[in-house]
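First, the structure itself, so that you have it in front of you.
The values are calculated or read from the model by the stated rules, or taken from the named source; none is laboratory data. All of these numbers come straight from a predicted model, not from anything done at the bench. Glycine also receives a Cβ, built like all others from the backbone with ideal geometry; neighbour counts cover every protein chain displayed.
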Amino acid sequence: MRKYIAEFIGTCVLVTMGCGTAMLVGCNAGQGTGYLLTALAFGLVIVGMAYCVGNISGCHINPAVSLGVLLSGGMKIGEFCGYVVAQCLGAFAGAELLNAIFTLGGVKDATGGFGSNGLAGVGGSIWAGLIVECVLTFIFVLTILGVTSKKAGHGSFGGLIIGLTLTLVHILGIGLTGTSVNPARSLGPALTALISGNSAPIGEMWIFVVGPFAGAAIAALVYKLLEGKKEA
C-alpha cells in the first residue's frame, strides 16, 4: 500500500507542478520562456520525486513507465494494476487541485484546458500524434530502463538523468502534442476540464494512452535485446 500511496503523491505533484506551470505561463513555442519553463517544470518534478519516493515505489508516476518495468520483469501484473490506478487517481487529484487554485484565485488558464494534451501542433493528425507520443515515450522509457539497470552504476545520479530526459522530450513535444508520454498525466487534466465545462479534446485522449503504451512496450523489448542475457 505504501508504494501505491507514493505513486499517488508523485503523480499528483507531477500534474500540479507541470500542468500548473503550463496553465500559468502558456506553452506557445513562439514564446520560448513559457515553453521552456513548462519543460523544466515536468523534468524537475521527476528529479525531486525520484529522491523523495523513489526508494519506496521506484517513482514511476507514469503508467507507461510501469508497463516498461512490467515487460522487463521488474514487477508483477497485480502490482502494475495497482500502480496504474494510483497514478490515475493522483493525476486527477492534481488537476482538481489546480482547478481549485485557479478558480478561487481568478487566474486565467493559459492552456484553456488544465494543461490537457491535444493534436493542434500536428494539424489534428492522429497518426502524427501517435508517432510523436510513441517516439518520445520510447526515448524516455529506454533511458529509465538503462539508468535503473543493475549494470548501469549511475548511483545517486539516476533521478537527475531521468528528469533531464523528460525535460528533453518536452522541449520537442510541447509544440506538437503538449507532450504526454504519460497516460495518467493526460487523463487527469482532460477529465477535470470535461467536468468543469472547459474545452478538452476528450475524444483524442485514446492517442495519449495508446501512443505512450506502445512506445514503452517497444522500449522494453529493445532494451532486453540490447542488454542480452542477465548474469546469474
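For GLY43, only one of the following conditions fails: (1) over 21 Å from ALA219 (Cα atoms); (2) in contact with a Leu (Cβ under 8 Å, 6 or more places away or on another chain). What is its number?
Answer for GLY43: the failing condition is (1).
Follow-up. Based on this model, can you work out whether LYS76 counts as among the basic types (Lys, Arg) and in contact with a Phe, Trp or Tyr (Cβ under 8 Å, 6 or more places away or on another chain)?
Taking the combined requirement at face value, the residue does not satisfy it.
Do we have any residue at all in region 14-31 that's out of contact with any helix residue (DSSP H, G or I) (no Cβ under 6 Å at 6 or more places or on another chain), assigned to a helix (DSSP H, G or I), of a type outside the set (Lys, Arg) and farther than 19 Å from ASN182 by Cβ?
Among the residues of region 14-31, at least one is out of contact with any helix residue (DSSP H, G or I) (no Cβ under 6 Å at 6 or more places or on another chain), assigned to a helix (DSSP H, G or I), of a type outside the set (Lys, Arg) and farther than 19 Å from ASN182 by Cβ, which makes the answer yes.
Within region 145-167, is there a residue that is closer than 19 Å to GLY118 by Cβ, surrounded by fewer than 18 Cβ atoms within 10 Å (Cβ to Cβ) and touching a helix residue (DSSP H, G or I) at 6+ places or on another chain (Cβ under 7 Å)?
So far as region 145-167 goes, no, none of its residues is closer than 19 Å to GLY118 by Cβ, surrounded by fewer than 18 Cβ atoms within 10 Å (Cβ to Cβ) and touching a helix residue (DSSP H, G or I) at 6+ places or on another chain (Cβ under 7 Å).
Same structure, new question: Taking the conditions exactly as written (touching a Gly at 6+ places or on another chain (Cβ under 7 Å) and closer than 19 Å to THR38 by Cβ), does GLY173 satisfy them or not?
No: the conditions fail for GLY173.
Starting from region 147-159, take each residue that is under 18 Å from SER72 (Cβ atoms) and modelled with pLDDT under 75 and list its partners that are of a type outside the set (Val, Ile, Thr) and surrounded by 10 or more Cβ atoms within 10 Å (Cβ to Cβ), counting only C-beta distances under 8 angstrom and pairs at least six apart or across chains.
LYS151/GLU227; ALA152/GLY146; ALA152/GLY158
For (1) closer than 21 Å to PHE114 by Cβ; (2) surrounded by fewer than 24 Cβ atoms within 10 Å (Cβ to Cβ); (3) touching an Asp or Glu at 6+ places or on another chain (Cβ under 6 Å), each residue gets a yes or a no:
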{"residue": "ALA6", "(1), (2), (3)": "no, no, no"}
{"residue": "LEU14", "(1), (2), (3)": "yes, no, no"}
{"residue": "GLY32", "(1), (2), (3)": "no, yes, no"}
{"residue": "ALA41", "(1), (2), (3)": "yes, yes, no"}
{"residue": "VAL47", "(1), (2), (3)": "no, yes, no"}
{"residue": "GLY54", "(1), (2), (3)": "no, yes, no"}
{"residue": "GLY58", "(1), (2), (3)": "no, yes, no"}
{"residue": "ASN62", "(1), (2), (3)": "yes, no, no"}
{"residue": "MET75", "(1), (2), (3)": "no, yes, no"}
